[in-house]
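Trainee: Can you read through this structure? Questions will come right after.
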Amino acid sequence: MATNFDILGRENVDDLEAILAVANTDVDAVLHTIKAEADVLFTWDYERSRPALGKLYEKAKTSQWNAETDLDWSIEVDEAEVARMNQVNIPGGGLSGKDMTGTPFEKWKEDDWLQLGIEMQNWTLSQFLHGEQGALICTAQIVETVPWVDAKYYAATQVVDEARHVEVFAKYLNTKLSGHYQINAHLRLLLDDIIADNRWDMTYLGMQIMVEGLALAAFGFMHQMTTEPLLKKLLRYVMSDEARHVAFGVLSLQEFYKELNSQEIRERQEFAFEAAVRMRDRFLQQEVFERMGLDPAEVLPIVLQDETRPVFQGMLFSKIVPNCKKLGLLDAGDGWLRDRFTDLGVIQFEDWADTGAEYEMLDEVSKDREEQNA
Ligand SMILES: [Fe+2]
Ligand SMILES: [Fe+2]
């Protein structure tokens, strides 16, 4: 077994009780410690033998941006208005027009639904923030553990990118929204697992392919929906970095997986599946309902009836599935991962654009600069 949690031992992958049993118990802790076991590698081979990574590194150097000066933080944000705009498309938000007789939502007025939307927004941006810190730590780890000099160079640029992402989400939450949430327990377990694994390529698979692939889709979704100009530009810029990050994962693992045997590939398939389940489980947003004074076990079965939910949730896998396919993980070993992704209802994305080269198209920072110079 590739990892130390037993999602695969869960009787039913949708077992709500088992999902909710995973909760964050140390919500007031300021520090969280993980024992990392990976070897730290020097390489004396300074030969630049991986041109695709070299190209990505050059791109990263010219597409840097400054969160303080490239975004207009003087823009005033009406968070209720932003929540209102997003609400129809946020899981749970589509329920507000339904008949809620006999449920804990029975007496809810428009204001309560709006407050739910505001909390969901605080929660979502908070999880983006924590995920970004996970990326910051993982890419610093990749600098240490990856054996290839081109990858160390590139990963170093990503460390700076991720610091900037932590910076912008923290500032947006602090100055434009109304409250932080602690990291969701499912997300934390996933990050712990990625960081603790002693195989350097698992950091890539967990972070660059799974967490970042989902982030790229989630940012894209929010970017499309929101008309709040500060958030919109912030997401455009973050996404143009993230597209490079996912490409870094695809390019590196494509090469490395060629050397692995079928048992080793199966371990990667299991790791990818478990990561997918963890990420899906966090979208129940159990902490939001608790903050609203509701019992998640009571209200989630109602929330899950929202028929917009599977569509939204599925979309979050629209980058992960094609990238797993490109890496050969979908169909290796009799299609083990293909079957699991079919069960999760996300296999339909397998032929969507993978992210090996998409970063060139998504370079919004360069586009803006060219426009300014013209
Ligand atoms: Fe990031
Ligand atoms: Fe990233």
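Trainee: Looking for whichever is away from ligand 1 (no atom under 13 Å from the Cβ) and in contact with a Cys (Cβ under 9 Å, 6 or more places away or on another chain) here; the options are ILE183, ILE209. Which one fits?
Mentor: ILE209
Trainee: Here's something else I'd like to know. How many of the residues in segment 163-184 are touching a residue at least 40 places away in the same chain (Cβ under 8 Å), part of a helix (DSSP H, G or I) and under 18 Å from ILE195 (Cα atoms)?
Mentor: Residues flagged as touching a residue at least 40 places away in the same chain (Cβ under 8 Å), part of a helix (DSSP H, G or I) and under 18 Å from ILE195 (Cα atoms) within segment 163-184 amount to 0.
Trainee: Moving to a separate point now. Go through segment 288-328 residue by residue and tally those that are hydroxyl-bearing (Ser, Thr, Tyr) and within 15 Å of the chain's Cα centre (by Cα).
Mentor: Final tally of qualifying residues: 1.
Trainee: If you don't mind, another one. In the set VAL299, VAL321, VAL311, VAL288, which member is free of Cβ contacts under 8 Å to residues at least 24 places away in the same chain and in a helix (DSSP H, G or I)?
Mentor: From the options VAL299, VAL321, VAL311, VAL288, the qualifying one is VAL311.
Trainee: I'd like the residue in segment 138-151 that is surrounded by fewer than 20 Cβ atoms within 10 Å (Cβ to Cβ) and in a helix (DSSP H, G or I) and, out of all such residues, is nearest to the chain's Cα centre (by Cα).
Mentor: Only one residue tops the list, namely ALA140.
Trainee: Let me ask another. Return yes when ASP306 is crowded, with 17+ Cβ neighbours inside 10 Å, more than 19 Å from ARG338 (Cβ to Cβ) and charged (D, E, K, R) and no when it is not.
Mentor: When the stated conditions are applied, ASP306 passes them.
Trainee: Still on this structure, please answer the following. Looking only at segment 337-349, which residues are surrounded by fewer than 17 Cβ atoms within 10 Å (Cβ to Cβ) and on the phi < 0 side of the Ramachandran plot?
Mentor: ASP339, THR342, ASP343, GLN348
Trainee: Within segment 220-260, how many residues turn out to be within 16 Å of ligand 2 (Cβ to nearest atom), in contact (Cβ under 8 Å) with a residue 24 or more places away in the chain and either within 18 Å of the chain's Cα centre (by Cα) or surrounded by fewer than 17 Cβ atoms within 10 Å (Cβ to Cβ) (or both)?
Mentor: 17
Trainee: Within segment 93-112, take every residue that is assigned to a helix (DSSP H, G or I) and crowded, with 20+ Cβ neighbours inside 10 Å and give me the one that is modelled with the lowest pLDDT.
Mentor: Filtering segment 93-112 for residues that are assigned to a helix (DSSP H, G or I) and crowded, with 20+ Cβ neighbours inside 10 Å, the one modelled with the lowest pLDDT comes out as GLY93.
The values are calculated or read from the model by the stated rules, or taken from the named source; none is laboratory data. All figures in this text were calculated on a predicted structure; none of them were measured in a lab. FYI the Cβ positions are ideal-geometry reconstructions off the backbone, even for glycines, and counts take in every protein chain you see.
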